[in-house]
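Note sheet for the following structure.
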Amino acid sequence: MFAEPAAPGTSTSKVDTSAFAPTRAYVAGREVAGLEAGEQTSVDLETDTYPKAFTSMPPGRYRFQAVLDRNHNYNYRGRGAGDLISPVIEAEMPGACPQLTLSDELPQKTPEQLLAQLPPDLRKRLGAGLAAVRKVEFISPALTKFWGQPVSVRGYVALPPRYGRDAVTYPTVFKIGGFGSSMVSASADAAFAQIGMASGKLPPMIWVVLDESSATGTHEFADSVNNGPWGTALTAEFLPWLEGQFRMDARSGSRFLTGHSSGGWAGLWLQTRYPATFGGVWATSPDPSDFHDFANVDLYAPSANFYRRDGAEVAAFREGGKVIATNAQFAQLETVLGSYGGQFASFEWVFSPRGQDGRPMPLFDRATGVIDSTVTEYWRSNYDISDRLARDWTTLRNDLDGKIHVVVGGSDTFYLDAPARRLKAVLDRLGARSSFTFVPGRGHFDLYAKGSDSDALTADIAWEMYAIARPGSERTTRMR
């Protein structure tokens, strides 16, 4: 259930919350099972709430709405197809909360409906790109064995304009979506790559846009005791199969990785975990690669707390130099919205050891912020990229040196510039060749823009990759 103040003279069909405005709405949630049509259920408005109990609302008029999240993905993408919602009802508080009826099912939007929301020119170009891309799906034996049911590695492929006219092979870009991405966003990213190559903005390469979403959030293409062997599935199973389907160069020096945010971390992980398989990673605004600075917290500090440091709240997001949410707000809102799919829970599904209850052990207590040092040591031993590089650089150097490229905003919205600086410092101390760019004034969501081009960075990265795969090639404005 969601509730927010009702401004006089306004109306809405949706009451919702946002991590970027965590105190805008009151939220109450609970798990329900076996709820049948016509049945009633209640939600505890005192304890299972955020930011406070509903009885603490200041006097006034409020709007209320109920949502049944039928597939447990509210924390990942919000309400969506198949979820049940109630009409928005207004009521005065203090007083009894209104009875809400889950009467409407949200429909699945067709690609045509999604395209119809775009400006006409973009609609036409994206439609042409979507018609050209190819869906790929490979049932992984390793993941299927882990889960006891068929599990696939999935994505979309964009092919160069001249593909199929001759026997030429091409370099391959593996692009990984960030938190909140899906097969729908993967298809759009592949379509934009198709459009970019057709216009000459991007060099002729095969783009494989991978879906890293799962029921628990993003699996990061990392082998995990909770999510299963996603790294093994990608590199040992999907990659050989894919190279048998398409005319790829099929060599390390022509396989490249890129991704933003969680996709950036996944790219860094794959490059450093399988250094001889890939020829370079271009990670943009990657999630923390050094857990001395994870969500603004040094996980290894004695008596570390995820919520407070030196008596002050730890910031989670910023915008224009102003803190807009804290770790406590973000984590506690996520907890009320459900036990699956949230950002912090997603990290635990990838990084944490499995607890006695069969679920990942939590990094920190959601009520107090106290960090479990047993969990942090497991994270450090298995997934701290900086720590692994420092430990194993002698072994990794020959296959990894010069392959790490990171671009991040100097004012990243989630403070991700700080762990990137730590990663750079570790590589510098090791004498490694790497490339780090900190773009002054840029945040998490405007990093790719240059002038009037909102996606200029993609082209810059693509041409750097192409120069490695095709030495001596020059960047052009039009490929014919």
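A short reminder: the numbers here are calculations on the coordinates, not readings from a lab. As the structure is a prediction and not an experimental result, all values here were calculated from the model. So basically every Cβ, Gly included, is an ideal-geometry build from the backbone, and we count neighbours across all protein chains shown.
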Might you report the magnitude of the Cβ-based charge dipole of the chain about its Cα centre, with Lys and Arg at +1 and Asp and Glu at -1, to the nearest 20 debye? 1760 debye
On a 0 to 90° scale, report how tilted helix 417-430 is relative to the longest principal axis of the chain, with both axes built from alpha carbons and the result rounded to the nearest 10. 40 degrees
Which parts of the range 455-473 would a label at residue 165 reach, counting a residue when its backbone N lies under 17 Å from a point 7 Å out along Cα-to-Cβ? none
Once a ≥ b ≥ c are taken as the square roots of the eigenvalues of the Cα gyration tensor of the range 109-241, is the result rounded (a/c under 1.5), prolate (a/b larger than b/c) or oblate (a/b not larger than b/c)? oblate
I need two numbers for the range 1-107: Rg to one decimal and Dmax as a whole number, Cα atoms only, in Å. 13.4, 39
For the range 308-380, which semi-axes, largest first and in whole Å, follow from the square roots of 5 times the eigenvalues of its Cα gyration tensor? 23, 15, 11
Which one, 119, 6, 62, is farthest towards the positive end of the dipole of the chain when Lys and Arg carry +1 and Asp and Glu -1 on their Cβ? 119
Ranked packing of 76-84, 283-291, most packed first, by mean Cβ within 10 Å: 283-291, 76-84
Give the cross-link partners of residue 175 among the lysines, using a straight C-alpha distance below 27 Å as the criterion and excluding same-chain residues fewer than 8 apart. 109, 124, 135, 145, 201, 403, 424, 450
When the Cα centres of the range 301-372 and the range 226-260 are compared, how far apart do they sit, in Å? 32 Å
With each run of n ≥ 4 DSSP H residues scored as -39500 (n - 2.57), what mean residue ellipticity at 222 nm is computed for the chain after dividing by its residue count and rounding to the nearest 500 deg cm²/dmol? -9000 deg cm²/dmol
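What is the dipole size for the range 308-380, taken about its Cα centre, with +1 at each Lys and Arg Cβ and -1 at each Asp and Glu Cβ, in debye to the nearest 20?
Taking the Cα centre of the range 308-380 as origin, the dipole is about 120 debye.
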What list of ³J(HN,Hα) couplings, whole Hz, do you get for the range 298-313 from phi and the Karplus terms 6.51, -1.76, 1.60, once you set θ to phi - 60° and write x for glycine and proline? 7, 5, 9, 5, x, 6, 5, 10, 6, 9, 9, 9, 6, x, 10, 5
Under 15 Å from the Cβ of residue 71, count the other residues' Cβ atoms, weight Lys and Arg +1, Asp and Glu -1, and hand me the total. -1
Sort 113-119, 61-67 by the packing proxy (mean of other Cβ within 10 Å over each peptide's residues), most packed first. 61-67, 113-119
Mind listing the long-range amide H neighbours of residue 409? Cut-off is under 5 Å, sequence gap 5 or more, other chains count too, H placed in the peptide plane at 1.01 Å from N. 285, 439
How much of the DSSP bridge set in the chain is antiparallel, in percent, rounded to the nearest 5? 60 percent
Restricted to Cα positions, what overall size does the chain have along the principal axes? Three whole-Å values, descending. 73, 55, 48
Of all DSSP beta bridges having both residues in the range 208-301, the percent classed as antiparallel (nearest 5) is 50 percent
Out of 99, 33, 81, whose Cα points farthest toward the positive end of the dipole of the range 1-107 (charges: +1 Lys, Arg; -1 Asp, Glu; placed on Cβ)? 81
Quick one: helix 456-469 against the long Cα principal axis of the chain, what's the angle to the nearest 10°, folded into 0 to 90? 30 degrees
What does the highest-first list of 414-423, 397-406 look like by mean Cβ count within 10 Å? 414-423, 397-406
Charge dipole (the range 308-380, unit charges on Cβ, about Cα centre) - positive-most of 320, 351, 361: 320
Cα-based Rg / Dmax (Å) for the range 179-308: 16.6, 55
